[in-house]
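Participant: My questions all concern the structure below.
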């Protein structure tokens with residue numbers, strides 16, 4: 001959902017590159033959960049074309065910042081960066097660290113929370129991606 005929100009917000013800005021990837025390949029090449037597609041569609045954003053892919057070594061070199069959705073993914077990303085022996089490269093941090101209120105540190109997994117879980121995640125990520133974009137544009 002974060003990828004779709006950010007892609008929508010940076011449309012037309014050529015100097016900002018946005019992508020998403022997972023720390024496992026369990027759902028490689030699969031589209032987003034239908035409830036995520038529906039939730040964002042309710043806000044005028046189409047993510048039906050997105051497909052899951054795993055994080056690769058080059059991601060740590062191509063991007064300035066890699067955001068993790070939760071502590072587990074943060075730990076996995078830090079281990080991967082260390083394994084690839086990348087000095088410098090992308091800064092890795094929790095996405096909700098960009099949320100002013102810091103009400104949560106990890107994005108809740110909406111999978112078992114019904115439709116409301118996806119709307120909660122949308123709200124959190126919408127506010128967070130607004131903050132990220134404002135920071136980039138400064």
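Participant: Considering only segment 125-138, how many residues are surrounded by fewer than 20 Cβ atoms within 10 Å (Cβ to Cβ) and not in a loop (DSSP other than H, G, I, E, B)?
Facilitator: The initial filter retains those residues of segment 125-138 that are surrounded by fewer than 20 Cβ atoms within 10 Å (Cβ to Cβ), namely 126-127, 130-131, 133-138.
Narrowing the set further to residues that are not in a loop (DSSP other than H, G, I, E, B) leaves 126-127, 130-131, 133-137.
Result for segment 125-138: 9.
Participant: Only one residue in 104, 50 is closer than 29 Å to residue 34 by Cβ, in contact with a helix residue (DSSP H, G or I) (Cβ under 7 Å, 6 or more places away or on another chain), modelled with pLDDT under 95 and surrounded by 11 or more Cβ atoms within 10 Å (Cβ to Cβ). Which one? Spell out the reasoning first.
Facilitator: Numbers: 50 fails: modelled with pLDDT under 95.
Of 104, 50, the one residue that is closer than 29 Å to residue 34 by Cβ, in contact with a helix residue (DSSP H, G or I) (Cβ under 7 Å, 6 or more places away or on another chain), modelled with pLDDT under 95 and surrounded by 11 or more Cβ atoms within 10 Å (Cβ to Cβ) is 104.
Participant: If a residue must be outside any helix (DSSP H, G or I) and in contact (Cβ under 8 Å) with a residue 24 or more places away in the chain, how many such residues does segment 47-71 contain?
Facilitator: Initially, segment 47-71 is screened for residues outside any helix (DSSP H, G or I), giving 47-58, 63-70.
Then keep just the ones that are in contact (Cβ under 8 Å) with a residue 24 or more places away in the chain; that gives 47, 50, 52-57, 63-70.
So the count comes out to 16.
Participant: Continuing with this model, one more query. Starting from residues that are in contact (Cβ under 8 Å) with a residue 40 or more places away in the chain and assigned to a loop (DSSP other than H, G, I, E, B), keep the ones in segment 35-45 and report whichever is farthest from residue 119 (Cα to Cα).
Facilitator: Restricting attention to segment 35-45, the residues satisfying the condition of being in contact (Cβ under 8 Å) with a residue 40 or more places away in the chain are 35-36, 38-40, 43, 45.
Now narrow it down to the ones that are assigned to a loop (DSSP other than H, G, I, E, B): 43, 45.
On the way: 43: 10, 45: 13 Å.
Only one residue tops the list, namely 45.
Participant: Against the condition surrounded by 14 or more Cβ atoms within 10 Å (Cβ to Cβ), at pLDDT 95 or above and over 18 Å from residue 1 (Cα atoms), how does residue 63 come out, does it pass?
Facilitator: Yes: the conditions hold for residue 63.
Participant: Search segment 113-124 for residues that are surrounded by fewer than 14 Cβ atoms within 10 Å (Cβ to Cβ) and pair each with any residue that is modelled with pLDDT of 95 or more when their beta-carbon atoms are under 8 Å apart and the residues are at least 6 apart or on different chains.
Facilitator: Close Cβ pairs (under 8 Å, with a partner that is modelled with pLDDT of 95 or more) amount to 115/35; 115/38; 115/39.
The values are calculated or read from the model by the stated rules, or taken from the named source; none is laboratory data. Predicted model only: the values in this text are computed from it and were never measured. Ideal geometry is used to build each Cβ from the backbone, glycine not excepted, and the neighbour counts take in all protein chains shown.
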